[in-house]
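Enquirer: Would you mind keeping the following structure in view while I ask a few things?
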Amino acid sequence: MYAQMITAEASDEDPKLLEEFQARIDRDEKIEPKDWMPMAYRKTLIRQIGQHAHSEVVGQLPEGNWITRAPTLERKAILLAKVQDEAGHGLYLYSAAETLGVSRDELVELLHEGKMKYSSIFNYPTLNWADIGAVGWLVDGAAIVNQVALQRTSYGPYSRAMIRICKEESFHARQGYHAIMQMAFGTPAQKAMAQDAVNRLWFPAIMMFGPSDSESVHSEQSMTWKIKVRSNDDLRQQFVDQTVPQIEYLGLDLPDPGIKWNEERGHYDYSDPDWSEFFNVIKGKGPCNVDRLNDRTNAWEDGAWVRDGLLAHGRKKAAARTAAE
Amino acid sequence: MSKEWPLWEVFIRGQHGLSHRHVGSLHAPDAEMAIKNARDVYTRRNEGVSIWVVEAQHIAASSPEEKGPLYEPSNSKVYRHPTFFDIPEEVGHM
Ligand SMILES: [Fe+2]
Ligand SMILES: [Fe+2]
């Protein structure tokens, strides 16, 4: 079904329907699964929600990496709960995508074939425990800024998934900041680890919002359809503004010498990340791209016999019930 | 036959004596697993005291095109609302 959608031509759509659709969007009406929608709207959503779902799932890998090595039992339980939440986020988002006529297995296969992407941030490694704190604080922190905005997105199921996710996210950011706080206020060696993690993750984190809107291919139409409600630069600025004081509170150095309060703008200035690195990582040349995709594919393939067995059992039970009736 | 687990719609009753409410969906091989998965996904923070699951394919839904025939008739029946009737103040609350 998804393949059909990709090839479907949008040009033969009724202009009157298109106009009515845009009018609904402009009135801030939510679009629901059975409503008429332009093919391109559907395709854009499948791509964006699918990519978002994949990010939640792949995002479990860098953190899962540290569950067995968390420094205390409490930190381990917290990290486990956090990673479990991310699995749920993946589920909410796959479900939202499924309302558009694509199946979850199809999306998973597209990911494994390298035909769909996930957030490039998860192609960076988590080298030590400080990275786990920094990921919760900075990576989930950046995701929250994006997801809070997306609560107002025009597609009903996507918007509801975002609302549910946002309720769970603030735990993620806070547990991360709390872990980093303990290190930043700990021994000099711990503080140095915290600093190192912030230095390495800062630019990848601000890249999460995507390239500047002037260079982003999908931005304009997505804004008109309110799939996106705020621009990449706007969201990035908000993240920088809220995060700088948090870094300062920790007594850590700012990870970018270009960060300066700009009185006139009422915002922090900051340096542009190296976008060639971003595009490289997107193209598959990041430090962990190969590992992440291998881990996902292996988990999927190794789990196949369990899924098949449970399904066969379920069908057998259903058949026995029907026979008994 | 497809090897994809069927899709289930999940309904949860919150703590406060409310009706079950649709909260989302999930894939599961059977009803029992669907309830267990729903517990894991949708009630991790005390969101509910009771779970219903129903296979998505068993839900029949009205279509948006039927909006007119389905809901229009109620527009012309204003007398169904209590405010349609003027009742004298003297008779007290009614
Ligand atoms: Fe998440
Ligand atoms: Fe998160």
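Each reported figure results from applying straightforward, stated rules to the coordinates on display, with no laboratory input. Source: prediction; values computed, not measured. For neighbour counting, all protein chains shown are included, and Cβ atoms are generated from backbone atoms with ideal geometry for every residue, glycine included.
Enquirer: Report Rg (one decimal) and Dmax (nearest whole number) for the range A:278-325, counting Cα atoms only, units Å.
Expert: Here Rg and the maximum Cα pair distance are 19.7, 60 Å.
Enquirer: So, one more: Would you calculate, for chain B, the mean residue ellipticity at 222 nm contributed by helices, counting each DSSP H stretch of 4 or more residues as -39,500 (n - 2.57) and dividing by all residues, to the nearest 500?
Expert: My calculation for chain B gives -6500 deg cm²/dmol from helical runs alone.
Enquirer: For the range B:7-85, what class follows from the C-alpha gyration tensor (a ≥ b ≥ c being the square roots of its eigenvalues): rounded when a/c is under 1.5, otherwise prolate if a/b is larger than b/c, else oblate?
Expert: Working: a/c = 4.44, a/b = 1.82, b/c = 2.44.
It comes out oblate by the Cα gyration axes.
Enquirer: Another one. For residue A:260, go through the aspartates and glutamates and keep the ones whose alpha-carbon is under 14 Å away, minus same-chain ones fewer than eight residues off.
Expert: Cross-link targets: A:241, A:248, A:269, A:272.
Enquirer: Given the C-alpha centroids of the range B:15-94 and the range A:249-314, what is the distance between them in whole angstrom?
Expert: Cα centres, the range B:15-94 to the range A:249-314: 39 Å.
Enquirer: While we're looking at this one, here's another question. Based on the Cα coordinates of the range A:116-179, what is the per residue volume of their convex hull in Å³?
Expert: So the per-residue Cα hull volume is 79 Å³.
Enquirer: How many percent of all Cα-Cα pairs in the range A:171-325 sit more than 23 Å apart?
Expert: Values: 7269 of 11935 pairs.
Within the range A:171-325, distances greater than 23 Å cover 61 percent of Cα pairs.
Enquirer: Still on this model: May I ask for the longest run of chain B untouched by trypsin sites (Lys or Arg not before Pro) that are loop-located per DSSP and have at most 12 neighbouring C-beta atoms (other than their own) within 10 Å?
Expert: That would be B:4-44.
Enquirer: Would you kindly calculate the translational diffusion coefficient of the range A:5-140, applying Stokes-Einstein with the Kirkwood radius from alpha carbon pairs, for 20 °C and a viscosity of 1.002 mPa s, and quote it in µm² s⁻¹ without decimals?
Expert: Once the numbers are plugged in, D ends up at 125 µm²/s.
Enquirer: Separate question: Would you be so kind as to identify which of B:51, B:68, B:37 lies farthest towards the positive end of the dipole of the range B:7-85, taking Lys and Arg as +1 and Asp and Glu as -1 on Cβ and the Cα centre as origin?
Expert: The residue sitting most towards the positive pole is B:51.
Enquirer: For residue A:274 and residue B:74, what is the calculated FRET efficiency with R₀ set at 51 Å and r taken between the beta-carbons, to the nearest 0.05?
Expert: 0.25
Enquirer: Related question: Among A:206, A:227, A:280, whose Cα lies farthest out toward the positive end of the dipole of the range A:165-322, if unit charges sit on the beta carbon of Lys, Arg (+1) and Asp, Glu (-1)?
Expert: A:227
Enquirer: Could you work out [θ]222 nm for chain A from helices alone, using -39500 (n - 2.57) per DSSP H run of at least four and dividing by all its residues? Round to the nearest 500 deg cm²/dmol.
Expert: -20500 deg cm²/dmol
Enquirer: Leaving out same-chain residues fewer than 8 places away, which lysines sit with a Cα under 29 Å from that of residue B:3?
Expert: Candidates past the 8-residue exclusion: A:34, A:43, A:115, A:117, A:316, A:317, B:36.
Enquirer: How much of the pair distance distribution for the range A:90-136 lies past 18 Å, counting alpha-carbon pairs only, in percent?
Expert: Taking all Cα-Cα pairs of the range A:90-136, the fraction more than 18 Å apart is 46 percent.
Enquirer: Follow-up. Using the basic label-point model (7 angstrom from Cα toward the beta carbon), what is the residue A:113 to residue A:35 distance in nanometres?
Expert: So the two model labels end up 3.1 nm from each other.
Enquirer: What is the spin-label model distance, in nm, from residue A:20 to residue B:50 if the labels are put 7 Å beyond Cα along the C-beta direction?
Expert: 4.0 nm
Enquirer: Multiplying the sequence separation of residue B:67 and residue B:36 by 0.36 nm and subtracting their Cα-Cα distance, what value in nm do you get? List each step's numbers first, then the result.
Expert: Values: separation 31, 0.36 × 31 = 11.16 nm, distance 3.64 nm.
My answer for the length gained is 7.5 nm.
Enquirer: Taking Cα atoms of chain A, Rg/Rh with Kirkwood Rh, to two decimals?
Expert: My calculation puts Rg/Rh at 1.00.
Enquirer: Can you tally the net charge around residue A:100? Count Lys and Arg as +1, Asp and Glu as -1, for every other residue whose Cβ sits under 13 Å from the Cβ of residue A:100.
Expert: So the surrounding residues net to +1.
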